[in-house]
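Before any comments, here is the structure.
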Amino acid sequence: MPETGLIEDLVAANRILANEGVLDAFGHVSVRSAPGADRFLLARSMAPALVAAADIIEFGLDGEPVGPDRRTPYLERFIHSEIYRASPSVDAVVHSHSPSVIPFGATAVPLRPIWHMSAFLGPRVPVFEIRDTAGAATDLLITDAALGAALAQKLGGHAVALMRGHGNVVVADSIKAVVFRAVYTEVNAKLVAQALQLGAGRVEFLSEGEAETATKSVGGQINRAWEMWRRQAAARG
């Protein structure tokens, strides 16, 4: 049985991401049952802001619930299962329709880090094109293992992948880190859009070296943000 503290953190992650405008009625966040484990925790199909501890289900890497729990799961749980299968170092995953990020998956404008807080984006963020795997008439959802595997392959070793016409996926080695990255991916997208307008298309992004160095230094400050966001989300109920 997963630790109570891990389940509490997953509930908090759902509430935080909803409170920060990354998730709305849709999207989801998961965490491995233990580092490197072949099981993961994910809520039943419901709005993230309403998730409580009793709503958490344990899944295997086949994307199916472990044990007798047959409550309705998220259709796109295969995003999580296939990323965990492909990337043993990933211990937490967020899939969102983060609104400011959507345009970067549907245009030729790349999503790149504009400030130190989003340095984890690296020199480029890949874009997953579902048409390459499933043709031109899908609903754009990742509803089976084959599509999940194709997304995981596109993600590769990156922290974030965009999903054209759909949203994005963010990964990290902990639940706190993945929440941090998901929030600052959304903020970064807003800032890039503003800078492109102010700079008439000319923007000074972080260099690859700056991104690498800032990722390490800022990454050590995640707890500060987590505690603040957690308290703010709890205050909203």
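Data table
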| item | result |
| --- | --- |
| Residue that is least open to solvent (accessible area, probe 1.4 Å), among those in the range 191-204 that are in contact (Cβ under 8 Å) with a residue 40 or more places away in the chain and closer than 29 Å to A13 by Cα | V192 |
| All positions within the range 60-111 that are surrounded by 14 or more Cβ atoms within 10 Å (Cβ to Cβ) and small (G, A, S) | G60, G63, S81, A86, S87, A92, S96, S98, S100, G105 |
| G67 without any contact (Cβ under 8 Å) to a residue 12 or more places away in the chain, out of contact with any Ser or Thr (no Cβ under 9 Å at 6 or more places or on another chain) and in a helix (DSSP H, G or I) | no |
| Residue check, V178 closer than 17 Å to R77 by Cα, under 14 Å from the mean Cα position of the chain (by Cα) and not in a loop (DSSP other than H, G, I, E, B) | yes |
| All positions within the range 22-51 that are open to solvent by less than 40 Å² (accessible area, probe 1.4 Å) and part of a loop (DSSP other than H, G, I, E, B) | V22, L23, G27, S33, A37, M46, A47, V51 |
| Condition met for I57 (farther than 30 Å from T213 by Cα, open to solvent by less than 20 Å² (accessible area, probe 1.4 Å) and part of a loop (DSSP other than H, G, I, E, B)) | no |
| Inter-residue pairs, beta-carbon under 6 Å, first among the acidic types (D, E) and in the range 169-183, second surrounded by fewer than 24 Cβ atoms within 10 Å (Cβ to Cβ), 6+ apart | D173/D91 |
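The values are calculated or read from the model by the stated rules, or taken from the named source; none is laboratory data. The shown structure was predicted, so the numbers you read here are calculated from the model rather than taken from an experiment. Counting neighbours? That spans all protein chains shown, and the Cβs are built from the backbone with ideal geometry, glycine included. With ligands, DNA and RNA removed, areas are computed over all heavy atoms of the protein, side chains included. Shrake-Rupley method; radii C 1.70, N 1.55, O 1.52, S 1.80 Å.
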